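Here the structure comes first, spelled out in structure tokens, and everything after it is commentary.
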Amino acid sequence: MIDLHTHSYFSDGTLSPTELVNLAESLKMQALAITDHDTTMGLDEGISAAKYKNVNFIPGIELSVIHKPGELHILGLGLKNWENAPILKKINNSRESRNKQIIEIMNLNGLSIKYTDLEKSTKGTIGRPHFAVWMLKNGYVKNMNEAFKEYLSRGKTFYIPREMISLEEAIDFIHNCRGLAIIAHPLNIAVNFNTLLEKIDNWLDLGIDGFEGMYGSAKKNITQRLLNYGRAKGCLITGGSDFHGKNKPDIKQGRTKKMGVITDDFLPKELMLQL
């Protein structure tokens, strides 16, 4: 069992990096990556926690990049020397600006919220899930899904787009950190299957190393078609649950909803050679 896509409380997960590592060890997991959104703040703790555990720890990140329609998420796996990267400062300045705009709109609509309220709910980056949690705790919505569906998703009252980096910038950052650039949950991208294959062809030309072939919401039949394509292209194919702890309680570490346990078949040898 492996899991190359998990989130800690340094982004929108609920467990600490140490707790993620301990959970992985209890599941007898071979390898674990922490891939928090747009931040590497939890990686040093993850490395330290795994040092005396029987778990191979893979430093990672999940970056949001420009894509129409919607957005595209890129995993960076096997990162090294990521400290003080200017691109991370650029991303987090954009997040902070967007968050302050959302707070302003919320207050104009009668919700009394401060930036410090959100900072209490995370050790690292603040994103829309933290607004959803705040709304739930303060009785404005019945659950997280309602917060997004009615208020925080694209086109709704509290949705503010943020400036994102380009795919090329994400790939350059990851490769400069000696990592692998992997398309996260590719079948969640808002295009049809044939268009997705065309896009992946283009992204491979730009330097993408591969894609997630097994992940939280993946469905077996269409995933098999994508795997066949990826193997024919020589793509690196990874697997991860997109585990968030209590924020997404139906997702379990090391497993997908439809396809079960994520096996080490989805751990590229290129990552193992870095360990």
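For the criterion of being touching a Ser or Thr at 6+ places or on another chain (Cβ under 6 Å), at pLDDT 90 or above and acidic (Asp, Glu), Glu168 fails. Against the numbered list (1) touching a helix residue (DSSP H, G or I) at 6+ places or on another chain (Cβ under 8 Å); (2) surrounded by 20 or more Cβ atoms within 10 Å (Cβ to Cβ); (3) within 30 Å of Met259 (Cα to Cα), Ile174 comes up short only at (1). Scanning region 252-275 for residues that are outside any loop (DSSP other than H, G, I, E, B), farther than 13 Å from Leu4 by Cβ and among the aliphatic types (A, V, I, L, M) turns up just one, Val261. If we scan region 186-196, do we find a residue that is modelled with pLDDT of 90 or more, crowded, with 17+ Cβ neighbours inside 10 Å, out of contact with any Leu (no Cβ under 8 Å at 6 or more places or on another chain) and under 18 Å from Asp3 (Cβ atoms)? Within region 186-196 (the criterion being modelled with pLDDT of 90 or more, crowded, with 17+ Cβ neighbours inside 10 Å, out of contact with any Leu (no Cβ under 8 Å at 6 or more places or on another chain) and under 18 Å from Asp3 (Cβ atoms)), the answer is no, since none of the residues qualifies. Regarding Glu83, is this residue surrounded by fewer than 23 Cβ atoms within 10 Å (Cβ to Cβ) and farther than 30 Å from Ala190 by Cα? So Glu83 fits the description; yes. Just so you know, in region 120-159 the residues that are small (Gly, Ala, Ser) and exposed (fewer than 15 other Cβ atoms within 10 Å of the Cβ) include one that is nearest to His244 (Cα to Cα), and it is Ser153.
When you look at Ser48, is it among the hydroxyl-bearing types (Ser, Thr, Tyr) and either crowded, with 19+ Cβ neighbours inside 10 Å or not assigned by TED's automatic domain parsing to the domain that holds Asp209 (or both), yes or no?
On the way: among the hydroxyl-bearing types (Ser, Thr, Tyr): yes; either crowded, with 19+ Cβ neighbours inside 10 Å or not assigned by TED's automatic domain parsing to the domain that holds Asp209 (or both): no.
Spelling it out, it is not the case that Ser48 is among the hydroxyl-bearing types (Ser, Thr, Tyr) and either crowded, with 19+ Cβ neighbours inside 10 Å or not assigned by TED's automatic domain parsing to the domain that holds Asp209 (or both).
Checked against (1) in contact with a Phe, Trp or Tyr (Cβ under 9 Å, 6 or more places away or on another chain); (2) surrounded by fewer than 18 Cβ atoms within 10 Å (Cβ to Cβ), Phe211 meets all criteria but (2).
For region 241-254, taking the residues that are touching a strand residue (DSSP E or B) at 6+ places or on another chain (Cβ under 6 Å) and touching a residue at least 40 places away in the same chain (Cβ under 8 Å), the one that is surrounded by the most Cβ atoms within 10 Å (Cβ to Cβ) is identified as Phe243.
Pairs are defined by a Cβ separation below 7 Å, a sequence spacing of at least 6 or placement on different chains, a first member in region 188-212 that is without any contact (Cβ under 8 Å) to a residue 60 or more places away in the chain, and a second member that is part of a loop (DSSP other than H, G, I, E, B) and among the β-branched types (Val, Ile, Thr); the pairs so defined are Leu196/Ile189; Lys199/Val191. Listed conditions (1) more than 30 Å from Leu271 (Cα to Cα); (2) part of a strand (DSSP E or B) are all met by Asn107, apart from (2).
Restricting attention to region 60-94, which residues are of a type in the set (A, V, I, L, M) and outside any strand (DSSP E or B)?
Keep residues of region 60-94 that are of a type in the set (A, V, I, L, M), which gives 61, 63, 65-66, 72, 74-75, 77, 79, 85, 87-88, 91.
If the condition is that a residue be of a type in the set (A, V, I, L, M) and outside any strand (DSSP E or B), then Leu79, Ala85, Ile87, Leu88, Ile91 are the ones that fit.
Would you check if Gly230 is outside any helix (DSSP H, G or I) and in contact with a strand residue (DSSP E or B) (Cβ under 9 Å, 6 or more places away or on another chain)?
When the stated conditions are applied, Gly230 does not pass them.
The values are calculated or read from the model by the stated rules, or taken from the named source; none is laboratory data. Everything quoted here is computed from the prediction, not taken from an experiment. Neighbour counts are summed over all protein chains in view; Cβ atoms, including those assigned to glycine, are modelled from backbone coordinates with ideal geometry.
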